[in-house]
């Protein structure tokens, strides 16, 4: 597996140029009215962390796929957004509802890319409740719609991607040659104790997704799918800071209980298969630490619009103490490489390694 990732999906080729270095933001959310309405019907109109934003101040920006979104990007100096449906996507809906809505959302992204090919790229949303439908939608979204990746909002009905039922989806993602963005949602019942009121987003989300990735490593998912590429937001959900301790205690624990070890250390799986983004974490000290731990080739900029103020996130990123090489990689070159986006000035078009 190549460290740099492989080109795939839609392209974006313009730099606004009003803030210097090209800036591609890779965890930027949207929704469509039909998903909002389905969530309202299923929950009786009661907003919650598990139903997604079906009301409140975030709803307007999420639904805006028009001039307002582009104007806000211009004001923040963000050249390209890589779009994905806001958590929990369609993964909390009934399968017969989720599958057509996932297709509709992906069609809407394709329409936006067709109208503004220099400003947007997209990740597919998937009906993970129906793995066969999800696998088929991966291939349709990449081959027919030109999307650049897929996003899964952690668990589906309490199941994680170490569950064999999801192997057809992982196989489709690898065959499509696109990355899988593993995004948080409210913790499953297994981790429900982490959802402390007031700390769900700041803490429980990281516990949920960090645990998910470790489950995948422990279950040998990356041995079975050696070309699988994962992207984690929020600077890797704290895992980069813990890699040395995880390796050390992993050896200790297996020695104590006599367990069969993995083929490699946990950190080696992480370093080979995982990229991280700065979404919600454009803070000087943790960004510097993660860049030093993983290397600048493994870090991508994200604002997390509209959950975070994208103008503030972009300004904070520009203020980080990065050398020119690091800044160029993190601001746009890594995104171009991992998502297969054309560099600024190149002609838009669908790229894929076959």
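Derivation of every value follows stated rules applied to the coordinates shown; laboratory data play no part. For clarity, every value in this text was computed on a predicted model and none was experimentally measured. Neighbour counts are summed over all protein chains in view; Cβ atoms, including those assigned to glycine, are modelled from backbone coordinates with ideal geometry.
Here is how the numbers come out for the structure above:
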{"read-out": "Ratio of Rg to Rh over segment 204-269 (Cα coordinates, Kirkwood Rh, two decimals)", "value": "0.96"}
{"read-out": "Cβ-derived FRET efficiency at R0 30 Å, residue 203 paired with residue 260, nearest 0.05", "value": "0.40"}
{"read-out": "Descending principal axes extents, segment 43-84, alpha-carbon based, whole Å", "value": "38, 16, 14"}
{"read-out": "4 °C / 1.567 mPa s Stokes-Einstein diffusion coefficient of segment 223-307, Kirkwood radius on C-alpha pairs, µm²/s", "value": "92"}
{"read-out": "Extension gain (nm, one decimal) between residue 111 and residue 139, 0.36 nm per residue minus Cα-Cα", "value": "8.3 nm"}
{"read-out": "Separation in nanometres of the label points that stand 7 Å from Cα toward Cβ, at residue 215 and residue 189", "value": "1.3"}
{"read-out": "Ranked list, fewest to most other Cβ atoms within 10 Å of each Cβ, for 177, 247", "value": "247, 177"}
{"read-out": "Order of 118, 99 - criterion: other Cβ atoms within 10 Å of each residue's Cβ, fewest first", "value": "118, 99"}
{"read-out": "Sites residue 34 and residue 283 - FRET efficiency at Förster radius 30 Å, r taken between beta-carbons, to 0.05", "value": "0.25"}
{"read-out": "Hull shadow area, averaged, the chain [alpha-carbon convex hull, nm²]", "value": "16.6"}
{"read-out": "Order of 49, 307 - criterion: other Cβ atoms within 10 Å of each residue's Cβ, fewest first", "value": "49, 307"}
{"read-out": "Where the Cα pairs of segment 44-196 fall when distances are cut into 5 Å bins, in %", "value": "2, 9, 18, 21, 20, 15, 10, 5, 1, 0"}
{"read-out": "Value of relative contact order over segment 11-338, rounded to a whole percent, pairs C-alpha under 8 Å and six or more apart", "value": "18"}
{"read-out": "P(r) histogram, all alpha-carbon pairs of segment 181-237 included - 10 Å bins from 0, percent", "value": "24, 49, 23, 5"}
{"read-out": "Helix-only mean residue ellipticity at 222 nm for the chain, each DSSP H run of n ≥ 4 adding -39500 (n - 2.57), per residue, nearest 500", "value": "-12500 deg cm²/dmol"}
{"read-out": "Spacing of the two label points (7 Å from each Cα toward its C-beta) at residue 171 and residue 64, in nm", "value": "4.4"}
